[in-house]
Amino acid sequence: MLAGKRIVLGVTGGIAAYKAVEVSRRLVDAGAHVVPVMTAGAEHFIGRTTLSALASEPVQTSLWDEASPIPHTLLGQTADLIVVAPATARLLAAYAAGLSTDLLTNVLLATRAPVVVCPAMHTEMWEHPAVQANVATLRSRGVHIVEPEEGRLAGGDVGAGRLAAPERIVAAIEAVLSAGDDLAGLHVVVSAGGTREPIDAVRVIANRSSGKQGYAVAAEAAARGARVTLVSTVDLPVPGGVVVRTVETAAQMQAALTELAPSADVIVMAAAVADFRPVVVAAGKLKKDQGIPQIVLEPTPDILAGLGASKPAGQVLVGFAAETSDLLANAESKLQRKNLDLIVANDVAAPGVGFQHDTNAVTLVQRGGEVDTIALTDKRSIARAILTIVVGIRAASTIPNSKRSLTK
Ligand code: C5P
């Protein structure tokens, strides 16, 4: 799996930089081509000769003094994967902020390859809210973080912040490369965010959905090679390679999805669509001196049920179920009612789960009754689990004459 892969190994200035030599050696032994990049800080900890000797080519350190006039774009574009080990607090901050201060940060910003970052620092630094916020930002963008371990740190301290062992780093690289392009050639359509149903020219009926889970699914699908269209009601950073259609109301979302559905191999309906909307939208702004308005509501179209009713053969349809009670029973009945292949149920009353949080905990129920539970984790990891099941459903449905291929 590592054989023939071109891996940029970024090394920053931490005491654990010496372990990068071992990571490099293991990668080279497994057949990878290791391109070493060191920061100026790293050179205080290990000599570039050491790493040059054990990697596949000489160490590069600067944007300016190498043979190529644009080393960062070349390294970024040709890499199959970039790993930074160890990653200092400075590197995490610069990468999260998009600040290109040296060759390594330039390469990280100039790549679409998967990135594995292995932080290492003192416990106080690792636990600092600024560092944790940067880690969360990077995670939300699909960067794989190999968490540091607890143990002895420089200066004799003991605590969290020690660079992960080289074998763990290499295993993480293998796992990322093996996830690979399992959605290549597929069109994945994702909806995200809460709809807003107008009451008058300025007021809307809205809900608390942030759209973060849908964006994480879109980012993950794109990273796994899919062509991704995101139908969104919110304004979040657009993941690389994703095309966004902005909508506001349930009716607009339905129009966009009805148009996109026939060409979709997978539809993930993560949006929180309003169930009701005002029957009449007042022209202009309702005035206080006109008295208290009576707002009469009517149901919105159930977009997902409509997609389920006209689902083409082979398409995988995924719905969400935000529940506050009877999670599994409600999810299962929704799955049947809307003719879904998979439903992602979350208990939105639980702490850290669902709307607006960066984390989620879900129960994934498949059509055949198979149930997977994912404990509280970041939304990108939830996205990864959802799409892995989608890939499994597609694989099962392409077996000729299988039971699944006959069920609609
Ligand atoms: O029935 P319920 O609204 O709880 O189902 C949730 C699922 O149905 C979500 O995937 C949501 O996006 C979708 N939905 C929809 N149209 C609606 C209401 C919900 O597509 N009007």
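Some observations on this one:
- Residue satisfying all of: in segment 340-353; more than 12 Å from the ligand (Cβ to nearest atom) and assigned to a loop (DSSP other than H, G, I, E, B); surrounded by the most Cβ atoms within 10 Å (Cβ to Cβ) among these: Asp341
- Thr258 β-branched (Val, Ile, Thr), in contact with a Gly (Cβ under 8 Å, 6 or more places away or on another chain) and surrounded by fewer than 18 Cβ atoms within 10 Å (Cβ to Cβ): yes
- Cβ-Cβ distances below 6 Å connect the following pairs, each with a first residue in segment 272-293 that is at positive phi, a second residue that is part of a loop (DSSP other than H, G, I, E, B), and a separation of six or more residues or different chains: Gly284/Ala201.
- Residues satisfying the stated conditions in segment 83-102, i.e. of a type in the set (A, V, I, L, M, F, W, C) and surrounded by fewer than 24 Cβ atoms within 10 Å (Cβ to Cβ): Ala89, Ala93, Ala94, Ala96, Ala97, Leu99
- Of residues in segment 313-323 being part of a strand (DSSP E or B) and within 18 Å of Gly392 (Cα to Cα), the one nearest to the ligand (Cβ to nearest atom): Gly319
- Once segment 227-236 is narrowed to residues that are touching a Lys or Arg at 6+ places or on another chain (Cβ under 8 Å) and either closer than 14 Å to Val268 by Cβ or not polar (S, T, N, Q) (or both), the residue that is surrounded by the fewest Cβ atoms within 10 Å (Cβ to Cβ) is Leu236.
- Pairs are defined by a Cβ separation below 6 Å, a sequence spacing of at least 6 or placement on different chains, a first member in segment 302-320 that is assigned by TED's automatic domain parsing to the domain that holds Asp265, and a second member that is near the ligand (Cβ under 7 Å from one of its atoms) and among the hydrophobic types (A, V, I, L, M, F, W, C); the pairs so defined are Ile303/Val273; Leu304/Met269; Gly319/Met269; Gly319/Leu304; Phe320/Ala270.
- If you check Glu332, Glu298 for being of a type in the set (D, E, K, R), modelled with pLDDT of 95 or more, more than 11 Å from the ligand (Cβ to nearest atom) and closer than 22 Å to Asp372 by Cα, only one passes: Glu332.
- Residue in segment 236-245 that is small (Gly, Ala, Ser), over 25 Å from the mean Cα position of the chain (by Cα) and not assigned by TED's automatic domain parsing to the domain that holds Thr137 present: no
- Sole residue being crowded, with 19+ Cβ neighbours inside 10 Å and either touching a Phe, Trp or Tyr at 6+ places or on another chain (Cβ under 9 Å) or not basic (Lys, Arg) (or both), chosen from Val28, Val107: Val107
- Odd one out for Ser405, checked against (1) modelled with pLDDT under 95; (2) touching an Asp or Glu at 6+ places or on another chain (Cβ under 8 Å): (2)
- For Asp326, the conditions (1) modelled with pLDDT of 95 or more; (2) within 16 Å of the ligand (Cβ to nearest atom) all hold with the exception of (1).
The values are calculated or read from the model by the stated rules, or taken from the named source; none is laboratory data. From a predicted model like this one, the values you see are computed outputs, not experimental measurements. We place every Cβ from the backbone using ideal geometry, glycine too, and count neighbours over all the protein chains shown.
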